[in-house]
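The values are calculated or read from the model by the stated rules, or taken from the named source; none is laboratory data. All values derive from a computational prediction rather than experimental measurement. Quick reminder, even Gly has a Cβ in these numbers, built from the backbone with ideal geometry, and neighbours come from all protein chains shown. All accessible areas refer to the heavy atoms of the entire protein, side chains included, with ligands and DNA or RNA removed. Shrake-Rupley method; radii C 1.70, N 1.55, O 1.52, S 1.80 Å.
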Amino acid sequence: ALEGLIAKKRAIKQGAMRHDNIVSVVGGGMTGESPRRPYFMMEYFDGYTLQRALEATRRAERAARTAHLERLAEGQPSAYRQTWISVRNACELCIQLCDALTYAHVEHGLIHRDIKPANIFLVNAGFNRSMVSLTCLAMSI
C-alpha cells in the first residue's frame, strides 16, 4: 500500500497525468519555514472557479429579479429572463468533469475526494463555451 501511495505522489509530482480537463502539476516540494509543508505548483489558467461563477450568477439573478419587480410595481413593462447556465452547457461541463474523474481513477488509481465548485475551474474555450479543468487532485493521495 505504501509503494502505491509513493507511486501516486511521484506520478502527480512528475506531471504524469496528462488530460485536457485536469490541471497539470508542474512542480512541488516542501516549504523552507518551520513547520515544513508540502506544496504543488500547477499550470496557470485564465479563468475562474465554478464557485465564483455561481456566486456572480446568483447576484446577477437577484439584481435582475429586483429590477423586474420594481418596474412592474411602477406599472412599466418588464421582461424577465433567468441568467442561469443553459442545460446544454451544464451537460457539456458535466461530461468533461466525468471524463477527467474517470481518467484519474482508471489510469492512475486516484479518487478526488473533494469535488466542489471551488475545485472546478472554468477556462474560456472560445465561442461562448467554457472548458472544465479539475484542480486539487493532489489532495486525493
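State all residues of segment 100-124 that are at pLDDT below 85, of a type in the set (A, V, I, L, M) and open to solvent by 50 Å² or more (accessible area, probe 1.4 Å); if no residue qualifies, say none.
Scanning segment 100-124 gives a single hit, Ile111.
Inside segment 8-26, can you point out the residues that are loosely packed, with under 14 Cβ neighbours inside 10 Å and either on the phi > 0 side of the Ramachandran plot or modelled with pLDDT under 75 (or both)?
Arg10, Gln14
Got a sec? Which of Arg52, Arg88, Arg65 is surrounded by 12 or more Cβ atoms within 10 Å (Cβ to Cβ), under 23 Å from Asn124 (Cβ atoms) and among the basic types (Lys, Arg)?
None of the others qualify; the one that does is Arg52.
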